[in-house]
Amino acid sequence: MNKVNWNFNNTYFNLSGLFKEDIKPIPVRKPELIIFNKALASDLNLDFSMINEKELSKIFSGNVLPEGSNSIAQAYAGHQFGHFTMLGDGRAVLIGEHTTKSNKKYDIQFKGSGKTTFSRNGDGRAALGPMLREYIISEAMNALNIPTTRSLAVVKTGEDVQRERTLQGSILTRVASSHIRVGTFQYIAARQKEDELKTLLDYTIDRHYPEIKDSNNKALDLINLLIDRQCNLVVNWMRVGFIHGVMNTDNMAISGETIDYGPCAFMDTYDPKTVFSSIDQTGRYAYCNQPVITKWNLARFAECLIPLIDKDQEKAIKIATETINSFEKKYEEKWMNMMRDKLGLFGLDDKDKFLILDLLTWMHEKKADYTNTFCNLMNLDPKKNELYNDKDFINWTKRWEDRSSKNNGTSKKSLKLMRSNNPLFIPRNHKIEQALEAAEQNDLKPFNKILEILKRPYDEQARKDDYQSPSISDKKYQTFCGT
Ligand code: AMP
Ligand code: MG
């Protein structure tokens, strides 16, 4: 197996037993490789060229573990839809931390690998559709230049999983900078032992934020750094119309990567209240609520670290509150700059906010497609939609053109900025569903085709209009968790 070049150094495994359960993936009956991400393997300096497909199937099902692996299920807690719960990897195992030649460390995790101590009532398994869904959306997010966990492989297990109907069992190999979550801190903080909290803090800083390892107030600095990372992340989600769908604190990574592609989906028609998840009845995780929830989750994170911010609890709470309250201003600034980039605007202008909000209001009123409206502004509207002949829109574009010419903006420079911020291709819900349905019937062609398109979301691609259109069906699109 060494020919693959796995280079494991399993630091989380070396933490005390309270952080995890040592457990192996439960072997599966008949593993069959469905998809393997060669480009990612190569980025990780892994070489599978000497391994045949049968062996690959055994590796990515966990039936054969690589040398140097120490597999564990991680313990964590989390606020799910606002309610605190003890969780943990109920259907995943971390098989090891792989280090690349450039000294970057990645968790290699199997999702759907069988029951663990943390499985509660779950079967520890996952179904093919949702695992392929995570594969394609995470890879699309990466191509959109948005921090994310990656997907290395999907196998079928040859076993059924029972959901509303019987589905094919499957395992996804997820690659992440780490799987430390806000919920990991919540789990440790709930035990109220300062030395354990310090261990997790130091571990996290060592792994993700070594620049603050000698700071005087590591806890506070970490909160500030996480505010920055998560603020950038949610601004990026807003940029492309991504709706995570289940922003529970256990699904917020300390690395700042997008994690856990359960019920996520991309918005077509611009409506800030868009929600796709079937269980999100109140719209807690709607498109427009994502920044508010990010702040709420960051507040839960800061709460965990109170004992390490200052010995005087009252003082610590005051500092943490002020720090968390810096979120809105940061977000507003980053969001405005992101929208300026989408509109190809340089510099700042007092009226920018009105210009931006007026466009969004127009899109909302006219039920315009979010992605394609920006395509129209770049003269790349796939369908030459007559919606854009609307007089209010034309009046708005006059104001926009006027503003574009200011602050050294040339149309060439503006267009370049817009082209690198406005995707032409996003995972369109109807196309993703079609591809997943075909994959369940053993036809991977549509899946592979859409995957190829989504690898180059900012590029013009000939005869791909169909992949740029929102669904024509009126049926409300619904997504599901934990399948
Ligand atoms: P998620 O909604 O995917 O973030 O999962 C929330 C929690 O439920 C995590 O602790 C998961 O490990 C656990 N979980 C989800 N599906 C299953 C399953 N089929 N079996 C066991 N645990 C599960
Ligand atoms: Mg999760």
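The values are calculated or read from the model by the stated rules, or taken from the named source; none is laboratory data. The structure presented is a predicted model; accordingly, all values stated were derived computationally and were not measured. Every residue, glycine among them, receives a Cβ derived from its backbone with ideal geometry; neighbour counts consider all protein chains shown. Just so you know, the surface numbers come from the protein's heavy atoms only, side chains and all, with ligands and any DNA or RNA stripped out. Shrake-Rupley method; radii C 1.70, N 1.55, O 1.52, S 1.80 Å.
Each part reduced to its alpha carbon centroid, the range 1-54 and the range 397-476 end up 33 Å apart. Run down the lysines and flag those whose C-alpha is under 18 Å from the C-alpha of K315, throwing out any fewer than 8 positions away in its chain. Hits, sequence-local ones excluded: K218.
Take every pair of alpha-carbon atoms less than 8 Å apart whose residues are at least six positions apart; their mean separation over the length of the chain yields a relative contact order of 14 percent. Think of it as helices only: each DSSP H run of n ≥ 4 in the chain is worth -39500 (n - 2.57), and spread over all residues that comes to -12500 deg cm²/dmol at 222 nm.
Extension gain, I26-E328: 0.36 nm per intervening residue step, less the Cα-Cα distance, totals 104.2 nm. In sequence order, the range 39-54 has phi-based couplings of 5, 5, 4, 5, 4, 8, 6, 9, 10, 9, 5, 8, 10, 7, 4, 5 Hz under the Karplus curve 6.51 cos²θ - 1.76 cosθ + 1.60, θ = phi - 60°, and Gly or Pro positions carry x. Treating r as the C-beta distance of D228 and K38 and R0 as 22 Å, the FRET efficiency rounds to 0.05.
State the Cα centre-to-centre distance between the range 319-341 and the range 208-261 in whole Å. If you average the Cα positions of each part, the centres end up 13 Å apart. Computed from the Cβ-Cβ distance with R0 of 22 Å, the FRET efficiency linking M336 to K398 stands at 0.55. Does anything in the range 285-306 have its amide N under 19 Å from the 7 Å Cα→Cβ label point of T321, and if so which residues? It comes to 295-306, nothing else. Note on L380 and T117: the model spin-label points, each 7 Å out from Cα along the C-beta direction, lie 5.0 nm apart. A 1.4 Å probe, protein heavy atoms only, puts the accessible area of R340 near 20 Å².
Which trypsin sites (Lys or Arg not before Pro) does the range 1-66 hold that lie in a coil by DSSP with at most 12 other beta carbons within 10 Å?
Loop-located and lightly packed - R29.
When R181, R456, R150 are compared by accessible area at a 1.4 angstrom probe, the order from most to least is R456, R150, R181.
Length gained on full extension, N9 to D214, computed as 0.36 nm times the residue gap minus the Cα-Cα distance: 71.4 nm.
Answer rounded, prolate or oblate for the range 428-483, using the Cα gyration tensor with square roots of eigenvalues a ≥ b ≥ c: rounded when a/c is under 1.5, else prolate when a/b is larger than b/c, else oblate. Oblate, since a/c reaches 1.5 and b/c is not below a/b.
Rounded to whole Å, the principal axis extents of the Cα atoms in the chain read 64, 61, 43, largest first. Extending 7 Å from Cα along the Cβ direction at K351 and again at Y458 yields two label points whose distance is 3.0 nm.
Rounded to the nearest 10 square angstrom, D195 shows an accessible area of 100 square angstrom against a 1.4 Å probe.
A dipole drawn for the range 103-216 from +1 and -1 charges on Cβ atoms has a positive end, and of H208, G158, T117 the residue lying farthest that way is G158. For a straight C-alpha distance cut-off of 25 angstrom, the lysines reachable from K367 (same-chain residues fewer than eight places away being disregarded) are K273, K342, K351, K353, K383, K384, K391, K398, K431, K464, K475, K476. Straight Cα distances below 20 angstrom link K366 to the aspartates and glutamates D268, D271, D358, D381, E386, D390, D392, D474, with same-chain residues fewer than 8 positions distant left out.
Ranked by solvent-accessible area (1.4 Å probe, protein heavy atoms only, all chains present), the residues I472, I432 order from largest to smallest as I472, I432. What distance in nm separates the two pseudo spin-label positions at E67 and A438, each 7 Å out from Cα along the beta-carbon direction? Taking the two extended label points, one gets 4.1 nm.
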